[in-house]
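Shown next, in structure tokens, is the structure this report addresses.
Nothing in this text is a laboratory measurement; each read-out follows from the coordinates by a stated rule. What you see is a predicted model, and the numbers here were worked out from it, not measured in a lab. Neighbour counts run over all protein chains shown; Cβ positions are idealised from the backbone, glycine included.
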Amino acid sequence: MEEEAGVVKPKKNGGGRLCSLCNQRRPALKRPKTLEQICKECFYTVFEEEIHRVIVDNQLFKPGERIAIGASGGKGFIYLLLWFSYRRISNELLVYLNLVDSTVLAYVMSELNRRHNYGLDLFLLSVDEGITGYRDDSLETVKRNEIQASELGQMSMKGSRSMYGLPLKVVSYKDLYGWTMDEIVKIIGLKNNCTFCGVFRRQALDRGAALLKVDKLVTGHNADDIAETVLLNILRGDIARLSRCTSITTGEEGPIPRCKPFKYTYEKEIVIYPCHLLFTYAYFKRLDYFSTECIYSPNAYRGFAREFIKDLERLRPRAILDIIKSGEDFRISTSTKMPEQGTCERCGYISSQKWCKACVLLDGLNRGLPKLGIGRSRGPNGDRQREMKESNGTRNIQSKQCGTLDF
Amino acid sequence: MQLTLEFGGGLELLCDSVKIHNVNVDPPQDGEDKFTMKSLLAWVRTNLIKERPEMFMKGDSVRPGVLVLVNDCDWELSGQLDTTLEEKDVVVFISTLHGG
């Protein structure tokens, strides 16, 4: 396979132009951010160093901090482990490219931490939603690979590149909430299931981070995700979330702040990065990696915004950064009454309501009223909801319910 | 003409979950001297995509959000639809439109 990659014909390179950064090698991709045509080697460098600049300029971390890297879903994790242990992979193992963002994040964080002496203690945090097929069989794989990952900690990749064995914590919906997503879908159906999954996931990451006693949680949200969220919050009229969804660090007042080092990184580059990182793409191809959508997600509203963002990107790639900029510049009139952030009376989690969203949803599930807390209910539970809202005096502007808004 | 086509990021689900396809496409028709990505996409749509073609294509190109690499090189550098394909080229399609 390696030889095969060696004979790849370097013909289609934009009419013999050279990399616009080094002016020596043939370009391999066009950067959406700058429209520059650059070679693989320069790509690794600018990709990693741009993230380093974002980390430094925004002072995301302090030396000595413990940082959890949230692999939102856990699937990315299997991919990660296989990525770093590809020599031992048997073909039947599945690798999920789906959450490649958190995987690349883990790699880049580990690499920059070493290269630039951030002095951070890194941990990987993964959530098991309990979706059959999405993960079930793979959990054992993760456990099996955990040992391998540490063994392979010093394994050298691409010369000086090495991945340190990062400790892994898996928290499951079943353990935290008593319900798996499969069980929830059985009751709620496919219409509002993403609300549950999103709300539960956000808390699960926080709870997992608390168990790891970390100072911060980093997530792999990229520029495309953030632009998409800005649009969604505008469409939903959710001013409260709109004003904070572009912040690179959120929840600083809470116990565990979250930050997004990929805030300005295009998804295109994140997806291409691992293809080029393995010393030959042929190696990567040999992995029997598997990727899929969440089996429950085809109905997700977010998909429409995502598609729109991608359409915009094709017309003018800068549009993604421009939308983020618009979101950042958005200001709310000071006379507007904003929901106050308090804590949930039941579990102590941050909440602008009496009970946090997860507790409302969970209460509904446990009482056999699973629709409780979904949408603006006019059903039998509407009164109860209204009562709760009034008790908080936040009727003017509320964060509307949306599970997949994981910011 | 022999080509290797690879589908990733969920696109393989549209072609019977087979990721790598070694295919033989017809040589260029009369009047056209080159086999381009545009012709390949039309060929793929007819011959490989078994379901939901709208997940793969939009108009006569791939759906925005689908990355295309021709011999490991971003197709935006080689002229996208106008990229000329040659014997034994490797074309990779990766969707970035996955769910969260």
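Stretching the chain fully between A:GLU253 and A:GLU307 yields a gain of 16.1 nm (0.36 nm per residue, less the alpha carbon separation). Total lysine pairs in the stretch B:2-95 at Cα distances under 21 Å, for residues eight or more apart or on different chains: 9. If you fit an axis through the alpha-carbon atoms of helix B:37-47 and take the longest principal axis of the Cα set of chain B, what angle between them do you get, 0 to 90°, nearest 10? Value to nearest ten degrees: 60. Peptide B:73-83 has a mean shielding of 6, counted as Cβ atoms of other protein chains within 10 Å of each residue's Cβ. For the stretch B:2-95, the Stokes-Einstein estimate of translational diffusion at 20 °C and a viscosity of 1.002 mPa s comes to 162 µm²/s, using the Kirkwood hydrodynamic radius over alpha-carbon pairs. For the stretch B:2-95, the relative contact order comes to 42 percent (Cα pairs under 8 Å, sequence separation of at least 6).
Taking label positions 7 Å along the Cα-Cβ direction at both A:ARG17 and A:ALA319, the computed distance is 2.2 nm, reported to one decimal.
Taken along the Cα-to-beta-carbon direction at a fixed 7 Å, the label points for B:SER17 and A:SER335 span 6.1 nm. Considering the zone a paramagnetic label at B:LEU81 would reach in this model (a point 7 Å from Cα along the Cα-to-Cβ line), which residues of the stretch B:47-63 have amide N under 20 Å from it? Answer for the stretch B:47-63: B:47-49, B:53-63.
Placing pseudo-labels 7 Å out from each Cα toward the beta carbon at A:ASN117 and B:GLU54 gives an inter-label distance of 5.7 nm.
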